[in-house]
Amino acid sequence: MTLALDRSDVHLWLAFCADAGRELLHERYRALMTPEERTRGERFYFEQDRARYRVTRALVRSVLSRYAPIAPQDWRFEATSYGQPVITNPEPEAQSLSFNLTHTSDLVVLAVTRQRAVGVDTENITRGALLDVADRFFAPSECEHLWALPAEQHTTRFFELWTLKESYIKARGMGLSIPLHKFAFDLREPGSVSLATLPELDDPAERWALRHLWATPEHPLALCVERGDQPDFALTARRIVPLEGEQAIDLLASRQN
């Protein structure tokens with residue numbers, strides 16, 4: 001079934017790897033992949049990583065086909081100079097799509113919109129926060145506010161900041177070529193998030209609409225979406241088993257700008 005998607009919409013698709021654990025399903029996933037994708041997927045040492053890769057490729061291919069008249073196996077992608085995949089199919093419905101992917105050990109998330117840059121990131125906080133990363137890479141104001149919190153709040157705040165920062169550099173399409181200390185998020189106001197960027201980034205903070213959510217109590221999720229001529233965006237989330245089924249879900253919204 002084709003889904004309507006206009007520039008005011010952002011659709012999130014969440015695939016939990018444990019939901020797609022059947023071998024017959026993974027055989028169908030392999031059938032959608034290009035030979036290059038199958039070869040790349042088999043290079044992972046652990047089976048759980050190979051399985052997550054298959055879920056990821058099936059998720060991207062099957063979901064994008066909900067928005068354009070292209071069969072899942074017929075989608076084609078190229079990597080930019082920063083390694084970010086972009087759609088190369090010439091159909092107008094395909095060229096107008098923007099998407100971004102993120103995954104953690106047990107969850108893959110796909111964000112889809114039209115004609116607006118988008119970045120998404122998720123993590124599993126049960127793996128623990130690498131708090132030394134904050135002092136090495138976060139902006140000074142982020143570190144100051146982080147360490148001012150009680151110790152029991154450090155892990156949650158670290159992952160809020162980390163997912164937001166990852167979503168921003170992914171929306172910019174430039175990855176870690178953007179130094180993480182050149183922009184800062186302020187989370188001191190409950191329910192709110194604000195972004196500040198240094199002038200050398202040449203990227204005004206008001207360009208971006210931000211959301212921070214929780215997919216589960218263990219999975220923080222951040223979205224960074226280019227405003228363009230839209231002041232905000234309407235968010236829809238679905239939990240999906242690629243090629244099998246899906247259901248609408250509500251995500252716990254914790255912050256927005």
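What follows draws every value from the coordinates through simple rules; no lab data is involved. Treat the numbers as computed from the prediction; the structure is a model and nothing was measured. Positions of Cβ are backbone-derived with ideal geometry, glycine not excepted, and every protein chain shown enters the neighbour counts.
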**Residue (of L252, Q73, P179) at the positive-pole extreme of the chain, dipole from beta-carbon charges** = Q73
**Asked** With the Cα gyration tensor of segment 64-188 giving a ≥ b ≥ c as the square roots of its eigenvalues, does the rule (a/c under 1.5 for rounded; else a/b larger than b/c for prolate; else oblate) give rounded, prolate or oblate?
**Response** prolate
**Prompt:** In debye to the nearest 20, how big a dipole does the chain give about its Cα centre with +1 on each Lys and Arg Cβ and -1 on each Asp and Glu Cβ?
**Reply:** 540 debye
**Asked** Can you tell which of A15, V60, H26 lies farthest toward the positive end of the dipole of segment 14-65, using +1 and -1 charges on the Cβ of basic and acidic side chains (Lys, Arg; Asp, Glu)?
**Response** V60
**Message:** Can you give the local net charge around R227? Use residues other than it whose beta-carbon is closer than 10 angstrom to its beta-carbon, Lys and Arg +1, Asp and Glu -1.
**Reply:** -2
**Request:** For segment 108-257, just say rounded, prolate or oblate: build the C-alpha gyration tensor, square-root its eigenvalues into a ≥ b ≥ c, call rounded for a/c under 1.5, and beyond that prolate if a/b exceeds b/c, oblate if not.
**Result:** oblate
**Prompt:** Can you give the Rg to Rh ratio of segment 76-133, both from alpha-carbon atoms, with Rh computed by the Kirkwood formula?
**Reply:** 1.09
**Spacing of the two label points (7 Å from each Cα toward its C-beta) at V86 and R136, in nm** = 3.2 nm
**Request:** Sort 20-30, 34-44 for me by packing, meaning the mean count of neighbouring Cβ atoms within 10 Å per residue, highest on top.
**Result:** 20-30, 34-44
**Request:** Take segment 177-234, drop everything but the C-alpha atoms, weight them equally and run the Debye formula without solvent; then report log10 I(q)/I(0) at 0.13, 0.14, 0.19 Å⁻¹ to two decimals.
**Result:** -0.40, -0.46, -0.83
**CD proxy at 222 nm, helix term only [per DSSP H run n ≥ 4: -39500 (n - 2.57); per residue of the chain; nearest 500]** = -8500 deg cm²/dmol
**Request:** Report ³J(HN,Hα) in whole Hz for each residue of segment 93-100, in order, from the Karplus equation J = 6.51 cos²θ - 1.76 cosθ + 1.60 where θ = phi - 60°; Gly and Pro get x.
**Result:** 5, 7, 5, 7, 7, 10, 8, 8
